[in-house]
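Q: The structure follows.
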Amino acid sequence: MGKANFRVAGAIALLLIVANLAVAWAYDLPVRDPDGVVVPTYVRLPVIVLLAFLLDVVPRAVLAAWGRPGTLGTAFKDVVRRRWDRSHVLFMLGGLGAWYVCYATFRNLKSYVPFVNHHIWDDTLARIDRILWLGHDPATVLHAVFGTGVAAHFFSAVYIAWIGLIPISLAIALVWTRSPIKGAWYVTAIAFDWVLGVAVYYLVPTLGPIYTAPENFAHLAHTDVTTIEAQLLDERIAVLADPWATQAVQTIAAFASLHVGMMMTICLIAELVHLRRWLCNLAWVFFALTVLATVYLGWHFFVDTLGGMALGAAGVWLAAMATGNLDGLRPRLAPAEVAHEADFSDSASTSA
């Protein structure tokens, strides 16, 4: 606790491994590679890391060798030597390992929910939504406001863009950053999001409006999300019929919205580590669009988004305590790190 490393994230990963194996054993369920049906993880993860590494090194090497023919190889080696010392390589591998174990076990535990808790809370959440929206269904209101044609394609694009955002944010936190305490804070916060999220899934199993009231979304234009929704339902049916006969995992769960929760985590971390103002503003805009998209497309009840906000904020606070970024009860970048950055900036200015 209180360090710029991944010990707490690793402890969460270990906890999820134990929970994963315990539930699998108790209910006779398989442990799957959650993305093995599409691209095996042992292929996908190294490719992501390699691309991030090349994007970090190659542009710098090209700039350093600009106007000096024949020096690109030397410049490449110099950049690697300067930016990829042993401590940073270990930092990146430690964070990536903790992240992936949390992710894979989370996806397996999510798949087991229907076998452990058979109760479905969708009717209750739908009633809460109508209370919060003064007797109206939130998705129906959004369809009336935004329309059901172009807006459906726009919100579908937002939803799919979110899927790529997490790997990109991971690359920023582990590969491109030169501030370990910031990267550790973010990755640990995501680990807390996953463990809190899967705990809520078991306490309040849900499907989401698109599956419990599909008639409310039948008039939306057909989009890529429409295809994904049908695919996830097929996978759920296959898993429930015989989990050993399919390589798929069951991934349908509405409360709380981890799309919203992780976006809340990203926005808060961006503010707390003092990213550039335009980046923070961009993150908040995408956060708002994510909330709208998940409700508009039927993935989540509105109350799911509120639960996601609370979950994401809790993950940031817990990770702040775990990585030494807590000032009393207030999340705040560690003073030692701020001083380190000031020293680094001064020395960089002097060198320049």
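The values are calculated or read from the model by the stated rules, or taken from the named source; none is laboratory data. Every value quoted in this text rests on a predicted model; they were computed, and no experiment measured them. Glycine gets a Cβ as well: all are built from the backbone with ideal geometry, and neighbour counts include every protein chain shown. Accessible surface areas use protein heavy atoms only, side chains included; no ligands, DNA or RNA. Shrake-Rupley method; radii C 1.70, N 1.55, O 1.52, S 1.80 Å.
Q: Out of 113, 141, 89, report the one residue that is at pLDDT 95 or above, over 22 Å from residue 290 (Cα atoms) and of a type outside the set (Lys, Arg). First the steps, then the outcome.
A: Working: 141 fails: over 22 Å from residue 290 (Cα atoms); 89 fails: at pLDDT 95 or above.
Selected residue: 113, the only one of 113, 141, 89 that is at pLDDT 95 or above, over 22 Å from residue 290 (Cα atoms) and of a type outside the set (Lys, Arg).
Q: Restricting attention to the range 140-149, does a residue exist that is part of a helix (DSSP H, G or I), open to solvent by less than 30 Å² (accessible area, probe 1.4 Å), over 23 Å from residue 319 (Cα atoms) and not aliphatic (A, V, I, L, M)? First the steps, then the outcome.
A: Narrowing the range 140-149 to residues part of a helix (DSSP H, G or I): 140-146.
Pick out the ones that are also open to solvent by less than 30 Å² (accessible area, probe 1.4 Å) and you get 142-143.
With the extra rule that they be over 23 Å from residue 319 (Cα atoms), the set shrinks to 142-143.
Add one more test, that the residue is not aliphatic (A, V, I, L, M), and what stays is 143.
Checked the range 140-149: at least one residue is part of a helix (DSSP H, G or I), open to solvent by less than 30 Å² (accessible area, probe 1.4 Å), over 23 Å from residue 319 (Cα atoms) and not aliphatic (A, V, I, L, M).
Q: Could you identify the single residue in 293, 253, 248 that is crowded, with 23+ Cβ neighbours inside 10 Å, outside any helix (DSSP H, G or I) and small (Gly, Ala, Ser)? Talk me through it step by step, then tell me what you get.
A: Numbers: 293 fails: outside any helix (DSSP H, G or I); 248 fails: crowded, with 23+ Cβ neighbours inside 10 Å.
Checking each option against the conditions leaves just 253.
Q: Also: Specify the residue that is nearest to residue 224 (Cα to Cα); the eligible residues are those in the range 158-181 that are open to solvent by 40 Å² or more (accessible area, probe 1.4 Å) and not aliphatic (A, V, I, L, M). Steps first, answer last, please.
A: Initially, the range 158-181 is screened for residues open to solvent by 40 Å² or more (accessible area, probe 1.4 Å), giving 160-161, 163, 165, 167-168, 172, 176, 178, 180.
Checking the rest, the ones that are also not aliphatic (A, V, I, L, M) come to 167, 176, 178, 180.
Details: 167: 20, 176: 31, 178: 37, 180: 37 Å.
Top of the filtered list is 167.
Q: For the range 15-30, indicate whether the set of residues that are under 27 Å from residue 325 (Cα atoms), at pLDDT below 90 and hydrophobic (A, V, I, L, M, F, W, C) is non-empty.
A: Within the range 15-30, not a single residue is under 27 Å from residue 325 (Cα atoms), at pLDDT below 90 and hydrophobic (A, V, I, L, M, F, W, C).
Q: Cβ-Cβ under 6 Å, sequence separation 6+ or interchain: first residue in the range 274-295 and more than 17 Å from residue 173 (Cβ to Cβ), partner of a type in the set (Ser, Thr, Tyr) and open to solvent by less than 50 Å² (accessible area, probe 1.4 Å). Which pairs?
A: Going by the 6 Å Cβ cut-off, the qualifying pairs are 291/305; 293/159; 294/257.
Q: I would also like to ask the following. Confirm whether residue 260 is open to solvent by less than 70 Å² (accessible area, probe 1.4 Å), modelled with pLDDT of 95 or more and part of a helix (DSSP H, G or I). Lay out the reasoning, then the answer.
A: Details: open to solvent by less than 70 Å² (accessible area, probe 1.4 Å): yes; modelled with pLDDT of 95 or more: yes; part of a helix (DSSP H, G or I): yes.
Yes, satisfied.
Q: Restricting attention to the range 157-179, report how many residues are of a type in the set (S, T, N, Q) and either touching an Asp or Glu at 6+ places or on another chain (Cβ under 9 Å) or outside any helix (DSSP H, G or I) (or both).
A: Within the range 157-179, residues that are of a type in the set (S, T, N, Q) and either touching an Asp or Glu at 6+ places or on another chain (Cβ under 9 Å) or outside any helix (DSSP H, G or I) (or both) number 2.
Q: Sticking with this structure for a sec: Determine the pairs where a residue that is within 16 Å of residue 142 (Cβ to Cβ), located within the range 213-240, has a partner that is of a type in the set (Val, Ile, Thr) and not in a helix (DSSP H, G or I) with Cβ atoms under 8 Å apart, the partner being 6 or more residues away or on another chain.
A: As it stands, the answer is 219/148; 220/148; 221/148, since those pairs meet every condition given.
Q: Residues being open to solvent by 50 Å² or more (accessible area, probe 1.4 Å) and either touching a Pro at 6+ places or on another chain (Cβ under 8 Å) or among the polar types (S, T, N, Q) (or both): count how many of those fall in the range 196-215.
A: Within the range 196-215, residues that are open to solvent by 50 Å² or more (accessible area, probe 1.4 Å) and either touching a Pro at 6+ places or on another chain (Cβ under 8 Å) or among the polar types (S, T, N, Q) (or both) number 1.
Q: Could you list, ordered by first residue, the pairs with Cβ atoms under 7 Å in which the first is in the range 244-255 and on the phi < 0 side of the Ramachandran plot and the second is open to solvent by 20 Å² or more (accessible area, probe 1.4 Å) and among the β-branched types (Val, Ile, Thr), at least 6 apart or interchain?
A: 247/37; 248/37; 255/200; 255/204
Q: Of the numbered conditions (1) open to solvent by 50 Å² or more (accessible area, probe 1.4 Å); (2) in contact with a helix residue (DSSP H, G or I) (Cβ under 7 Å, 6 or more places away or on another chain); (3) within 30 Å of residue 17 (Cα to Cα), residue 224 satisfies every one except a single condition; which is it?
A: Only one criterion in (1) open to solvent by 50 Å² or more (accessible area, probe 1.4 Å); (2) in contact with a helix residue (DSSP H, G or I) (Cβ under 7 Å, 6 or more places away or on another chain); (3) within 30 Å of residue 17 (Cα to Cα) is unmet by residue 224, namely (3).
Q: If you take the residues of the range 31-49 that are part of a loop (DSSP other than H, G, I, E, B) and aliphatic (A, V, I, L, M), which of them is modelled with the lowest pLDDT? Talk me through it step by step, then tell me what you get.
A: Start the filter on the range 31-49 by keeping residues that are part of a loop (DSSP other than H, G, I, E, B), which leaves 31-40.
Narrowing the set further to residues that are aliphatic (A, V, I, L, M) leaves 31, 37-39.
Values: 31: 92, 37: 57, 38: 60, 39: 67.
Only one residue fits best here, namely 37.
Q: Do we have any residue at all in the range 272-287 that's touching a Gly at 6+ places or on another chain (Cβ under 6 Å), modelled with pLDDT of 95 or more, open to solvent by less than 40 Å² (accessible area, probe 1.4 Å) and not in a loop (DSSP other than H, G, I, E, B)? Even if it seems obvious, please write down each step before you answer.
A: Step one: list which residues in the range 272-287 are touching a Gly at 6+ places or on another chain (Cβ under 6 Å), which gives none.
Within the range 272-287 (the criterion being touching a Gly at 6+ places or on another chain (Cβ under 6 Å), modelled with pLDDT of 95 or more, open to solvent by less than 40 Å² (accessible area, probe 1.4 Å) and not in a loop (DSSP other than H, G, I, E, B)), the answer is no, since none of the residues qualifies.
Q: Report, by residue number, each residue of the range 71-120 that is touching a residue at least 24 places away in the same chain (Cβ under 8 Å), part of a loop (DSSP other than H, G, I, E, B) and under 26 Å from residue 57 (Cβ atoms).
A: 84
Q: Now a separate question. Within the range 121-139, which residues are in contact with a helix residue (DSSP H, G or I) (Cβ under 9 Å, 6 or more places away or on another chain), exposed (fewer than 14 other Cβ atoms within 10 Å of the Cβ) and part of a loop (DSSP other than H, G, I, E, B)?
A: Residue satisfying the conditions is 136 alone.
Q: Now for a different question. Of a type in the set (A, V, I, L, M), open to solvent by less than 60 Å² (accessible area, probe 1.4 Å) and out of contact with any Leu (no Cβ under 6 Å at 6 or more places or on another chain): does that describe residue 237? Reasoning before the result, please.
A: On the way: of a type in the set (A, V, I, L, M): yes; open to solvent by less than 60 Å² (accessible area, probe 1.4 Å): no; out of contact with any Leu (no Cβ under 6 Å at 6 or more places or on another chain): yes.
So residue 237 fails the test.
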